[in-house]
Amino acid sequence: MRTMSADAFAAESQADSPLRTLAPGLYLVATPIGNLEDMTLRALRVLRSVDVIACEDTRQTQKLLNHFGITTPTVSYHLHNEAGRSEELLARLQSGGRVAVVSDAGTPGIADPGSLVAEAAIQAGVAVYPIPGANAAISALIASGLPTTEFTFHGFLPAKEGQRRTLLEALPRDGRTHIFYEAPHRIEATLADLEQVFGAAQPVVVARELTKLHEEFLRGPVADLRQALAARNVRGEMVLLLAPAAAAASEAPAASIAQAVASLMRLEQLSEKDALKRVARERGMGKSEAYRELQREQGRLR
């Protein structure tokens, strides 16, 4: 970890002062995810100094700029015009321009536009500068109580149930933390999928309204969180975290595969296919191997 003397700190602070001329290049600027006090001094200096600010939503960004008295021109840069706008921004950058990219909230390129123009700038030999700040995934992780040594960020979960369930079933059960973004109108269905895939006792964390007045962390077994949220009208995008671990050897079920599949079909109303996938995953078997064993057991019962 780098340490800094008082003189060095003062020198670096002076280098980031408003009097310093901003170098040409692309600046990926993080903005607050709720609390405006999370806007950094460096981000303010950059946004005041660039030639143009590319915004996910110019109306949303204009509120932020007005709050801080920033008059830099803006252009739209969102999912639907990202490819074409990236070419325009790159042309400006290649002529020595200074361009900032911001999303509606948080860090550009993290589940928001920004990575496409950054990749194009790098390939063209243009300098790209990260201006760090707020990020919902990292903010949720460090206050979740789940392991932070190893984690994987997956962005938004698929909206379709089948695709979402497939993604969840493929998650490794090795104790690392998995981080997702989720919309409030899908959180109940997603928690239900988690319960089906990992069991009712799987610990889960839901972080909502991060850095805002009603910031909330819900921690506990997924079945409990699903029931709690079902009784509420929750709003705001959420961060969902879990760290599934492999079952201990002593916890391995003694029932045959056929018995385990039949039990899941009876108790949880799963189809035979879904029940077999669950059993295979819990026993560390491949689906094909589990299917062959199921066929053998069913053959012996006939």
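The values are calculated or read from the model by the stated rules, or taken from the named source; none is laboratory data. Bear in mind that the values here come from a model prediction, so they are computed numbers and not experimental data. Cβ placement follows ideal geometry from the backbone for every residue including glycine, while neighbour counts extend to all protein chains displayed.
Structure above, values below:
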item: Pick from region 169-194, criterion touching a strand residue (DSSP E or B) at 6+ places or on another chain (Cβ under 9 Å) and of a type in the set (D, E, K, R), ranking: surrounded by the most Cβ atoms within 10 Å (Cβ to Cβ); result: E182
item: Positions within region 269-295 being surrounded by fewer than 15 Cβ atoms within 10 Å (Cβ to Cβ) and either touching a Gly at 6+ places or on another chain (Cβ under 6 Å) or modelled with pLDDT under 80 (or both), in sequence order; result: G284, G286, K287, S288, E289
item: Subset of region 143-201 that is of a type in the set (D, E) and without any contact (Cβ under 8 Å) to a residue 60 or more places away in the chain - its residue that is farthest from P113 (Cα to Cα); result: E195
item: Selected residue [modelled with pLDDT under 80 and surrounded by fewer than 17 Cβ atoms within 10 Å (Cβ to Cβ)] from S250, S263; result: S250
item: Residue match in region 139-150 (condition: crowded, with 19+ Cβ neighbours inside 10 Å, farther than 22 Å from A223 by Cβ and either assigned by TED's automatic domain parsing to the domain that holds R226 or under 15 Å from the mean Cα position of the chain (by Cα) (or both)); result: yes
item: Exclusive hit being under 28 Å from the mean Cα position of the chain (by Cα), exposed (fewer than 15 other Cβ atoms within 10 Å of the Cβ) and among the aliphatic types (A, V, I, L, M), set A127, A111; result: A127
item: Helices (runs of 4 or more DSSP H) fully within region 115-193 counting 2 or more residues that are of a type in the set (K, R); result: 161-169
